[in-house]
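Participant: What follows is a single structure, and I will ask about it in a moment.
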Ligand code: NAD
């Protein structure tokens, strides 16, 4: 079994012990990773602070060229990284309609190239006989990045690349369940970047690494992707030195299907939006509101998709959905299914675990629930979709907005003008029409309400890794 070290100040650091990373398709360990602790966070922050002056003063073109080399590196190691991602996260190599590890590494490459090419030029507010007023974007210092287990490499890239592009240095902490592809990427990247610019600290649940980063006085900003409760804890811990925060938190995205839609035409797209990566994506469609006129037809079409989808080990060709990433997540999904059944809901497909090794669960479609029940109100983060009946569109919009989360939402209709107007009434950071969950590296993405603070991607995302400095030069 291969062991993956931490990388601090350009050097491999084994830590005092290692821990095993489990393949969720088999329940068996497949890799070992260095078990770090808060002392490694201190060492990584020291290295990142030491590297910051030179990295932040490195000319833009040089930083852009090095980031371009990181994208080349990801391309060269694509097959290896895909396999590591499938073994640690369970997502299939190719997956449902192409949403799997290949897409994760491909996305990492695309985001690296596009973000590396962005620039935040100096803004000139005034330039006359009296004075010149310029607004500069300056890097913040050391960025602490904390990532979740669902898209581990791509989310690490979303954090690291804009931070580096803007001139910051980084201490990265991957989720304890999925640290392998990230640790491998950082090791490779340190063959290109100067020592201390990008560090990774790994450890077990309870190692205290995450809270050490959140509270560290030597860290200037935290970028965190994960659950809302953890985001709130980080926000509290970060107050000590007023760290800047980007928080990408939980979602409970609603989709609304209008009466003019042909159920057969949208069922596959909606199924993909809800079930890709086994529902373990922040912006999966997690509550589906369907007009009563097509309710039964769409429920049945979705149930047929759920029964036909190929569930299995992600390493096998043709697998569309893998296992849940961990046993605890499967337990949460089972409890939601059991609660729905106890409330008299109809389980049109699935409803239980799949026998055998690994954390597999049947893709599940649940009809006849309403707001005010756990499966509708809470983020399920698994392969189970509640389908809710509505009568009029104002009622549907109100039900969709009746949730503390506000990450994404969607309207499905052949009337594009009406759908676009309704999309803007959804309380969420991204609203889609006849689509759900599609993101791109040049459009801002983030949550409103309790789904987060700030955005990622594009110029708006890059700006979050900088502070503004106004420079006023008197001419007389
Ligand atoms: P999590 O909050 O349990 O863990 C995320 C990370 O935080 C892990 O690395 C974990 O070790 C670390 N952590 C835990 N406690 C900490 C603490 N006290 N201080 C600092 N760090 C701590 O989330 P998860 O279960 O790994 O991920 C699933 C959640 O992430 C879902 O809610 C999902 O919606 C959300 N998510 C959001 C987005 C987005 O862009 N909004 C994207 C992906 C996932």
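Participant: Test residue 142 against the criterion of being closer than 21 Å to residue 468 by Cα, in contact with a strand residue (DSSP E or B) (Cβ under 9 Å, 6 or more places away or on another chain) and within 16 Å of the ligand (Cβ to nearest atom), and give yes or no.
Facilitator: Yes.
Participant: For the list (1) without any contact (Cβ under 8 Å) to a residue 60 or more places away in the chain; (2) in contact with a strand residue (DSSP E or B) (Cβ under 8 Å, 6 or more places away or on another chain); (3) within 30 Å of residue 137 (Cα to Cα), I need the number of the one condition that residue 48 fails.
Facilitator: Result: residue 48 fails condition (1) only.
Participant: In region 51-60, which residues are under 16 Å from residue 161 (Cβ atoms) and out of contact with any strand residue (DSSP E or B) (no Cβ under 8 Å at 6 or more places or on another chain)?
Facilitator: Within region 51-60, 58, 60 meet the criteria.
Participant: Hey, another quick one. Looking only at strands (runs of 3 or more DSSP E) that fall completely inside region 405-476, which ones have 3 or more residues that are within 28 Å of residue 227 (Cβ to Cβ)?
Facilitator: On the way: elements: 408-412, 430-433, 466-474.
Ranges flagged: 408-412, 430-433.
Participant: Right, next: Taking residue 206 as meeting all but one of (1) within 16 Å of the ligand (Cβ to nearest atom); (2) under 18 Å from residue 69 (Cβ atoms); (3) surrounded by fewer than 21 Cβ atoms within 10 Å (Cβ to Cβ), write down the number of the exception.
Facilitator: (2)
Participant: Within region 237-250, is there a residue that is away from the ligand (no atom under 11 Å from the Cβ), modelled with pLDDT of 95 or more and part of a loop (DSSP other than H, G, I, E, B)?
Facilitator: Yes: region 237-250 contains one or more residues that are away from the ligand (no atom under 11 Å from the Cβ), modelled with pLDDT of 95 or more and part of a loop (DSSP other than H, G, I, E, B).
Participant: Could I ask something else about it? Need the failing condition index for residue 56 against (1) touching a helix residue (DSSP H, G or I) at 6+ places or on another chain (Cβ under 9 Å); (2) buried (at least 16 other Cβ atoms within 10 Å of the Cβ), just the number.
Facilitator: With (1) touching a helix residue (DSSP H, G or I) at 6+ places or on another chain (Cβ under 9 Å); (2) buried (at least 16 other Cβ atoms within 10 Å of the Cβ) applied to residue 56, the lone miss is (1).
Participant: Now a separate question. So residue 432 passes all but one of these: (1) without any contact (Cβ under 8 Å) to a residue 40 or more places away in the chain; (2) crowded, with 21+ Cβ neighbours inside 10 Å; (3) under 30 Å from residue 352 (Cα atoms). Which condition number does it fail?
Facilitator: Tallying (1) without any contact (Cβ under 8 Å) to a residue 40 or more places away in the chain; (2) crowded, with 21+ Cβ neighbours inside 10 Å; (3) under 30 Å from residue 352 (Cα atoms), residue 432 fails exactly one: (3).
Participant: Which residue out of 462, 468 is in contact with a strand residue (DSSP E or B) (Cβ under 8 Å, 6 or more places away or on another chain) and away from the ligand (no atom under 16 Å from the Cβ)?
Facilitator: On the way: 462 fails: in contact with a strand residue (DSSP E or B) (Cβ under 8 Å, 6 or more places away or on another chain).
Result: 468 is the single residue among 462, 468 that is in contact with a strand residue (DSSP E or B) (Cβ under 8 Å, 6 or more places away or on another chain) and away from the ligand (no atom under 16 Å from the Cβ).
Participant: If you don't mind, another one. Those residues that are touching a residue at least 24 places away in the same chain (Cβ under 8 Å) and either part of a loop (DSSP other than H, G, I, E, B) or touching a helix residue (DSSP H, G or I) at 6+ places or on another chain (Cβ under 6 Å) (or both), I need them from region 113-127; list them, please.
Facilitator: Of everything in region 113-127, those that are touching a residue at least 24 places away in the same chain (Cβ under 8 Å) and either part of a loop (DSSP other than H, G, I, E, B) or touching a helix residue (DSSP H, G or I) at 6+ places or on another chain (Cβ under 6 Å) (or both) turn out to be 113, 115, 116, 117, 118, 119, 120.
Participant: Can I ask one more? Picking from 102, 69, which residue would you name as being in a helix (DSSP H, G or I) and within 17 Å of residue 313 (Cα to Cα)?
Facilitator: Result: 102 is the single residue among 102, 69 that is in a helix (DSSP H, G or I) and within 17 Å of residue 313 (Cα to Cα).
Participant: Are any residues in region 1-39 out of contact with any strand residue (DSSP E or B) (no Cβ under 9 Å at 6 or more places or on another chain) and within 13 Å of residue 199 (Cα to Cα), and if so, which ones?
Facilitator: Within region 1-39, 11 is the sole residue that qualifies.
Participant: Also: Output the number of residues of region 213-230 satisfying the condition of being more than 8 Å from the ligand (Cβ to nearest atom), in contact (Cβ under 8 Å) with a residue 60 or more places away in the chain and not in a strand (DSSP E or B).
Facilitator: Of the residues in region 213-230, 4 are more than 8 Å from the ligand (Cβ to nearest atom), in contact (Cβ under 8 Å) with a residue 60 or more places away in the chain and not in a strand (DSSP E or B).
The values are calculated or read from the model by the stated rules, or taken from the named source; none is laboratory data. What you see is a predicted model; the values in this text were computed from it and never measured. Please note: Cβ atoms are built from the backbone with ideal geometry, for glycine as well, and neighbour counts cover all protein chains shown.
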